[in-house]
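Following: one structure in structure tokens, then a few remarks.
What follows draws every value from the coordinates through simple rules; no lab data is involved. Quick caveat, the model's predicted, so the values are computed rather than measured. Positions of Cβ are generated from backbone atoms using ideal geometry, with glycine treated the same way; all protein chains shown enter the neighbour counts.
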Amino acid sequence: MHIIEKLLRERILVLDGAMGTMLQQYQFTEEDFRGERFKDFHKSLKGNNDLLSLTQPEAIAEVHRKYFDAGADIVETNTFSGTTIAMADYELEEFVYELNYESARIAKEVAQEFTLKEPNKPRFVAGAMGPTNKTASLSPDVNNPGFRAISFDQLRIAYKQQAEALIDGGVDFLLVETIFDTLNAKAALFAIEEVKEERNSAIPVMVSGTITDASGRTLSGQTAEAFLISIAHIPLLSVGFNCALGAKQLAPHLEVIAHRTELAVSAYPNAGLPNAFGAYDESPSQMAEQIEEYLDKGLINIIGGCCGTTPDHIRAIAQLVTNYKPRKLIQNTTVI
């Protein structure tokens with residue numbers, strides 16, 4: 001049994017908060033994003049947060065430290081857009097392996113620092129694999145519903161490269177996250193299974209979908225239960241939801257999957273819904289109060305924060321979960 005599986009039965013594990021929210025506080029300029037290495041690059045690079053793992057590695061390490069300091073057990077690598085598909089916007093495809101490898105290495109170094117200081121609270125790194133900016137299930141052209149901007153195989157190849165680099169960089173598990181199109185996620189999971197087979201690896205895999213609106217469906221149209229069934233054939237460590245909704249709005253969808261899976265259940269909601277300016281207003285105490293519903297109902301094993309969350313949000317959540325037992329993990333439950 002992997003150590004993480006043992007810990008999930010003992011206590012609720014805390015995931016970090018938003019990387020992007022924290023990086024915005026640095027107010028990096030175009031020159032900061034470029035650094036010395038990319039100072040003469042032919043395209044604007046501002047806003048490419050993944051690139052900061054190469055050009056501002058100290059800032060990335062500092063964000064990880066702040067989340068571990070706040071009580072996180074797991075931090076995610078700075079690789080949300082770390083595929084050749086997403087990096088094509090910046091024409092940085094050739095740097096994708098290095099971006100993922102370095103992001104994983106930075107996070108792992110910080111995790112090891114904290115584990116050495118507190119051996120009774122080991123820290124972990126999840127290799128973040130975002131959804132890409134293209135969808136395999138939907139047409140981007142309203143006049144041509146049959147058109148697809150990306151194929152399953154293109155996604156599989158891109159995700160395989162990302163998974164290999166993250167594993168080489170030292171991540172403890174892989175996290176396929178913010179899934180709005182289950183077909184994209186299937187490509188990622190297929191690629192990961194290929195890597196695991198080729199390397200004879202048993203690296204654990206976490207999956208986190210996103211419910212995009214009040215309809216309770218993913219962007220590609222699946223309910224929470226349908227999403228769960230679609231990925232149930234893959235051996236996974238956990239399944240859950242993140243982003244798009246605040247903690248309160250996410251609760252009913254977590255209930256659906258928590259009652260239908262034997263896997264660990266994860267949640268990392270936004271700090272409420274965005275305001276008119278796209279910012280998130282929910283305070284750490286407000287968010288923790290809403291997450292208490294998950295704990296009272298025994299819905300979760302892993303909890304963290306997405307858009308708008310900071311180390312203060314994670315600190316409030318980490319303090320709260322010490323008073324609760326994790327959702328019971330029962331073996332051999334049939335998914336229905």
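A few notes on this one:
- Test set (1) in contact (Cβ under 8 Å) with a residue 12 or more places away in the chain; (2) within 19 Å of the chain's Cα centre (by Cα); (3) under 26 Å from Glu113 (Cβ atoms) - Gln24 fails condition number: (1)
- Taking the criterion of being surrounded by 17 or more Cβ atoms within 10 Å (Cβ to Cβ) and under 18 Å from the mean Cα position of the chain (by Cα), the residues of segment 6-21 that qualify are Leu8, Ile12, Leu13, Val14, Leu15, Asp16, Gly17, Ala18, Met19, Thr21.
- For Gly305, the conditions (1) over 21 Å from Ala72 (Cβ atoms); (2) in contact with a His (Cβ under 9 Å, 6 or more places away or on another chain) are fulfilled apart from (1).
- Among the residues of segment 261-276, some residue qualifies, meaning at least one is within 21 Å of Ala214 (Cβ to Cβ), without any contact (Cβ under 8 Å) to a residue 24 or more places away in the chain and part of a loop (DSSP other than H, G, I, E, B).
- Per-region count, segment 228-252, residues assigned to a helix (DSSP H, G or I) and free of Cβ contacts under 8 Å to residues at least 60 places away in the same chain: 8
- Every listed requirement among (1) touching a residue at least 40 places away in the same chain (Cβ under 8 Å); (2) more than 30 Å from Lys325 (Cα to Cα); (3) surrounded by 20 or more Cβ atoms within 10 Å (Cβ to Cβ); (4) in contact with a helix residue (DSSP H, G or I) (Cβ under 6 Å, 6 or more places away or on another chain) is met by Thr84 save one, (3).
- If you check Glu94, Glu102, Glu98 for being in a helix (DSSP H, G or I), in contact (Cβ under 8 Å) with a residue 24 or more places away in the chain, surrounded by fewer than 19 Cβ atoms within 10 Å (Cβ to Cβ) and of a type outside the set (Lys, Arg), only one passes: Glu98.
- Long-range neighbours under 9 Å by Cβ, at least six apart or interchain, first residue farther than 17 Å from Thr132 by Cβ within segment 161-173, second of a type in the set (Val, Ile, Thr) and surrounded by fewer than 21 Cβ atoms within 10 Å (Cβ to Cβ): Ile167/Val195; Ile167/Ile203; Val171/Ile203; Asp172/Ile3; Asp172/Ile203; Phe173/Ile203
- When residues in segment 45-71 are screened for being crowded, with 19+ Cβ neighbours inside 10 Å and without any contact (Cβ under 8 Å) to a residue 12 or more places away in the chain, 0 of them pass.
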